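The values are calculated or read from the model by the stated rules, or taken from the named source; none is laboratory data. None of the values given here were measured: they were computed from a predicted structure. Note: ideal-geometry Cβ built from the backbone for every residue, glycine included; neighbour counts use all protein chains shown.
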Amino acid sequence: MTGAPRIALVGGTGAVGRTFLELIAQRGFETSSIRLIASARSAGQVLPVPGGAEAVVEDLATCDFAGVDLAFFSAGTPISAEHAPRAAAAGALVVDNTNAFRMDPDSPLVVPQVNGHLLAERPKSGIVANPNCSTIPLARLLKPIQERYGLRRVTVSTYQAASGGGQSGIDELRADTAARLADPAAPAPGNSRFGPGLAFNVVPAIDRFLEHGGTLEEQKMRQESRRILGLDGLDLTATCVRVPVVNGHSEAVVIDTERAADAAEVAALLAGQEEVRVWTEGFPTPRTVTDQPDLVHVGRVRTDPENANRLLLWLVADNLRIGAALNALQIAEKAVSHGIVGGAL
Ligand SMILES: NC(=O)c1ccc[n+]([C@@H]2O[C@H](COP(=O)([O-])OP(=O)(O)OC[C@H]3O[C@@H](n4cnc5c(N)ncnc54)[C@H](OP(=O)(O)O)[C@@H]3O)[C@@H](O)[C@H]2O)c1
């Protein structure tokens, strides 16, 4: 590749895709060109892209990836499974936001602040997988704790926002909330993305249920954390819950450590990590972190008064940015700096 990468954004009209465009502009990520790709529904729309230009949305079904150096996919798992290998075969380095390649041994699963060294070489598949939105901030905090204290067990409960269900999830929460404010007995939205409906509710079901009674989202958190941290046997249990918040995932985390941990020391350790803010007064919430959306926010760091090997903390992170588009862009920034973008074939 000579010059700045030519990029393609599959899912460029969606919640993650639009956040990605915002971040490209905000971070001054250099590109030679930006193509927006979506379904036939949006094909032909003309949308602004960073740098004052415009792009005509292309239909993924018929688009050709020739000449693309970096392709970002955020259009759903089956879509990535079918089309990401096509983009990689055409020479693009793919950064995939879906679940399609996260367990593929030929596609590294990367959180740049944790295992960015994996980007020193172009992956065999040509695809880098971006982890799940709740896994990313958790792994960023677990890594230094693991290095200093050792991890025996992690138990996490998530409080995940409607935006994790895409733009239609946000739209549904707003409409359902308005309907229920007007009439508390209003029926749940038909075909709700959130089962019984999310307004004035919490729903302990994200993604599909598996045979053992857990959900795929919960399994993703366990398997992906193990892979990112390089801890095959990590004992991690998650309960993933959707809450009526527009954007910003929160997590209550209980960490059993090998060695006793002092809360003040842990807070200082976390505060020393890249792009992490530890709240020593008050606590972060999805509403109070919006002025610093590119940081992982941590609060209520404490040890169990009856168990010095048990740490508890609360984290909040913007799922569209840290949990998706920002992590993907940071992967791209690192890949460009390592010279592994473009020109594979
Ligand atoms: N939201 C999050 O916090 C988050 C975090 C991590 C990962 N992700 C993953 O990122 C992906 C997208 O999420 P999102 O929140 O941006 O969803 P979204 O707002 O619903 O956007 C979906 C995007 O995919 C496109 N698309 C849908 N079906 C398509 C098809 N058959 N062919 C081509 N494009 C198609 C849509 O294009 P049209 O305009 O044509 O419909 C749109 O651009 C999902 O796989 C999700 O799991 C999301």
When you look at R102, is it in a strand (DSSP E or B) and surrounded by 15 or more Cβ atoms within 10 Å (Cβ to Cβ), yes or no? no
Of the candidates G52, G44, the one satisfying the condition of being free of Cβ contacts under 8 Å to residues at least 40 places away in the same chain, within 13 Å of the ligand (Cβ to nearest atom) and surrounded by fewer than 17 Cβ atoms within 10 Å (Cβ to Cβ) is G44
Please determine whether any residue of segment 285-293 is modelled with pLDDT of 95 or more, aliphatic (A, V, I, L, M) and touching a helix residue (DSSP H, G or I) at 6+ places or on another chain (Cβ under 6 Å). no
Would you mind finding the one in T239, T257, T215 that is in contact with a Cys (Cβ under 8 Å, 6 or more places away or on another chain), touching a residue at least 12 places away in the same chain (Cβ under 8 Å) and β-branched (V, I, T)? T215
Across segment 148-169, what is the number of residues that are part of a helix (DSSP H, G or I) and either near the ligand (Cβ under 8 Å from one of its atoms) or crowded, with 23+ Cβ neighbours inside 10 Å (or both)? 8
For segment 117-147, which residues satisfy the criterion of being away from the ligand (no atom under 16 Å from the Cβ) and either under 21 Å from G299 (Cβ atoms) or not in a helix (DSSP H, G or I) (or both)? E121, R122, P123, K124, S125, G126, L141, L142, K143, P144, I145, Q146
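Let's see how each residue does on (1) within 27 Å of T290 (Cα to Cα); (2) loosely packed, with under 15 Cβ neighbours inside 10 Å:
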position	(1), (2)
K143	yes, no
Q146	no, no
L173	yes, no
P187	no, yes
R193	yes, no
P244	yes, no
Only one of (1) within 12 Å of the ligand (Cβ to nearest atom); (2) part of a loop (DSSP other than H, G, I, E, B) fails for G91. Which number is that? (1)
Taking segment 170-203 as the region of interest, how many residues are assigned to a helix (DSSP H, G or I), small (G, A, S) and within 16 Å of the ligand (Cβ to nearest atom)? 1
Taking segment 1-38 and keeping only residues that are touching a residue at least 40 places away in the same chain (Cβ under 8 Å), more than 16 Å from the ligand (Cβ to nearest atom) and part of a helix (DSSP H, G or I), one is left with R27
When restricted to A75, A66, the only residue within 15 Å of the ligand (Cβ to nearest atom) and either surrounded by 15 or more Cβ atoms within 10 Å (Cβ to Cβ) or part of a loop (DSSP other than H, G, I, E, B) (or both) is A75
Across (1) crowded, with 20+ Cβ neighbours inside 10 Å; (2) of a type in the set (V, I, T); (3) in contact with a helix residue (DSSP H, G or I) (Cβ under 7 Å, 6 or more places away or on another chain), T280 clears everything bar (1)
Condition check: over 17 Å from the mean Cα position of the chain (by Cα) and within 8 Å of the ligand (Cβ to nearest atom). Does L60 satisfy that? yes
Can you name the residue in segment 297-334 that is outside any helix (DSSP H, G or I) and among the polar types (S, T, N, Q) and, of all such residues, is nearest to the ligand (Cβ to nearest atom)? N319
So which residues in segment 172-210 are hydrophobic (A, V, I, L, M, F, W, C), closer than 18 Å to V245 by Cα and within 22 Å of the chain's Cα centre (by Cα), if there are any at all? L173, F194, L198, V202, V203, A205, I206
Just wondering, is there one or more residues in segment 242-249 that are modelled with pLDDT of 95 or more, under 19 Å from P144 (Cα atoms) and either assigned to a strand (DSSP E or B) or touching a helix residue (DSSP H, G or I) at 6+ places or on another chain (Cβ under 9 Å) (or both)? no
Checking S157 against (1) assigned by TED's automatic domain parsing to the domain that holds R35; (2) over 12 Å from the mean Cα position of the chain (by Cα); (3) of a type outside the set (A, V, I, L, M), only one condition comes out false. Which one? (1)
